[in-house]
Amino acid sequence: MKKWIDLSTIGGTGPEKGIILKDQELDGICRITLETYKDHRAITCGLYGNMLLTVYRSTARAEATYEELKSELGRFIALNYDNNEEVSAVFYDYLFHKYYLEGDVPFWDNAL
């Protein structure tokens, strides 16, 4: 099984312009970042060249969501990383609905 590596970006500025708390990469294929953002946290994850998703969570739920997303990405890579576009599209849709639409920080809190 591939291993996540810690990136040396802690304390730097993240994709959402917050301070990076965690930043990890899996075998040069995907990355996940946890950062502070206003009074909550932003988690940005993606598969290089294919998908990017940012979700917002309360400070209390951010760490658990980060670990869940990291696990989901790792499983997807282990089981399907053969560029099957149909399977990939279903996975991306699943992540969007499970993590973005069901977040605990309202969209408008992030958009303003």
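The values are calculated or read from the model by the stated rules, or taken from the named source; none is laboratory data. Note that the structure is a prediction, hence the values are computed from the model and not measured. Ideal geometry is used to build each Cβ from the backbone, glycine not excepted, and the neighbour counts take in all protein chains shown.
A few remarks follow.
- Filtering region 62-100 to residues that are closer than 25 Å to Lys38 by Cβ and surrounded by fewer than 16 Cβ atoms within 10 Å (Cβ to Cβ) leaves Glu63, Ala64, Glu67, Glu68, Phe96, His97, Lys98, Tyr100.
- Region 47-100 - residue that is within 21 Å of Gly14 (Cβ to Cβ) and among the basic types (Lys, Arg) and, of those, modelled with the highest pLDDT: Lys70
- Of all residues making up region 1-20, the number that are surrounded by fewer than 12 Cβ atoms within 10 Å (Cβ to Cβ) and basic (Lys, Arg): 2
- Positions within region 21-59 being touching an Asp or Glu at 6+ places or on another chain (Cβ under 7 Å), surrounded by fewer than 20 Cβ atoms within 10 Å (Cβ to Cβ) and over 30 Å from Asn84 (Cβ atoms), in sequence order: Leu21, Ser58
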